[in-house]
Ligand code: UGA
């Protein structure tokens, strides 16, 4: 089919490339000319494993195109996916400007019957508004159906998720339009849930809110485990073995971040408030998460008494591994709190240094290796469980730090492995390991042998 995808951001780009892989003729449109030029050259503006090879493949075979021209994008389209951003406004509600702009523009260029399929996460009732806008503006002789097809891809494994998702949700008022969209996904063999538009919109919010609830729940249990001397990993194994609960999304840590959970939980609280149903449970989930993000700083303060003038190595900046995305990342809260306490931060991340540099400038130092971040540090905080961090040799903490104090916000290491090292190790929901550290003289000797590689990207 001829498919246009509006918005070459995270969701739009992955959708466009994967639809080309399914054999469709795809054209992606975006208002950002620079981004479109980059994509035409086969370069992805986002870091997503597996995306760039497929992008190059379908540019080469002519199945995938990029444009900034609405006329070129929409003229031949049989299906138009809307995948523009729906960012959060200051009051927690959703900014629908981009999506409404798309709904106003599209009908001006449509030349044939088509289906408009919304991928962007939108509050319940938005697709009805889109439908009304489009019907007011469309040419009288063409038929346009609006379908809600919410996205469940995760950053960092979006390509795998596209081809192996658990379900596809299609909300439509026309059974014909729903069947056409279903036929697009048929080769994937993923079960399709066909429903009404409002229920489809709600499924997306309820899914993200439920997953966020699981995370805050397990983080609360972890906090209690710490107080009573239990181990959250044992507890998680025990409860996750109950099929009704399941083992997924029970990884305790320093909370959820990213462009979706924080925004979507806030939006659902707002939505519930608007219909006079205060969503107390979800409000508590958000509150627990906010508290959790600054937990490593509270733990560092407990250990070092004061953080003033202390050098803290921050390992991991992205909101989760395999992405360069730092939106709503716990690392940003940690940096803010550390700076408030007067500490100096040196950060390492395998992918997110450029984005962080753009966001924070030179208010922190940047290290291109874990070792150089640890050099001379009084404590290290792990904020993201990158493989590079999880599989790093534990020797480096003893070798390079002034005092080998590690506050692990993602439970990267086994307590057994840590026991064999002279590392004070505080993790989440597990018993702490407190060690006596080497004296200052021997640490100074180590410093002399270290080849200084701390990189200042500026
Ligand atoms: C999330 C959903 O998982 C996707 O299904 C959805 O499509 C997407 O939002 C969206 O609405 O667009 P994403 O934000 O990419 O995907 O990331 P997740 O893998 O869900 O992780 C979110 C956050 O939760 C991360 O900060 C992660 O570290 C944290 N997390 C996740 C935990 O703290 N514990 C867990 O057990 C799982």
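No lab work stands behind these numbers, since they all come straight from the coordinates. Bear in mind the structure is a predicted one, so any value in this text is a computation, not a measurement. Using ideal geometry, Cβ is built from the backbone for each residue, glycine included, and neighbour counts are taken over all protein chains shown.
Things worth noting here:
- Volume per residue of the C-alpha convex hull in the range 82-159, rounded to whole Å³: 104
- Fraction of antiparallel bridges per DSSP, the chain only, in percent to nearest 5: 10
- Cβ crowding within 10 Å ranks 114, 412 as 412, 114, fewest other Cβ atoms first.
- Calculated on the alpha-carbon coordinates, the convex hull of the range 293-378 measures out at 84 cubic angstrom per residue.
- Distance from the range 46-64 to the range 205-241 (C-alpha centre basis), Å: 38
- As a proxy for reagent exposure, 227, 204, 198 were ordered by neighbouring Cβ count within 10 angstrom, fewest first; the result is 227, 198, 204.
- Working value for the range 294-457: equivalent-ellipsoid semi-axes of 22, 18, 16 Å, each the square root of 5 times a Cα gyration tensor eigenvalue, largest first.
- Computed [θ] at 222 nm, deg cm²/dmol, the chain (DSSP H ≥ 4; -39,500 (n - 2.57); rounded to nearest 500): -13500 deg cm²/dmol
- Packing-based exposure ordering (other Cβ within 10 Å, fewest first) of 281, 59: 281, 59
- Cα long-axis angle, helix 295-304 against the chain (0 to 90 degrees, to the nearest 10): 10
- Calculated FRET efficiency for the pair residue 230/residue 176, C-beta based, R₀ 56 Å, to 0.05: 0.50
- Equivalent ellipsoid, the chain (semi-axes from 5 times Cα gyration tensor eigenvalues, Å): 45, 25, 19
- Here the range 150-184 and the range 305-357 have alpha carbon centers that stand 35 Å from each other.
- Helix 126-137 vs. the chain, principal-axis angle (Cα, 0 to 90°, nearest 10): 40
- Relative to the dominant Cα principal axis of the chain, helix 10-21 is inclined by about 60°.
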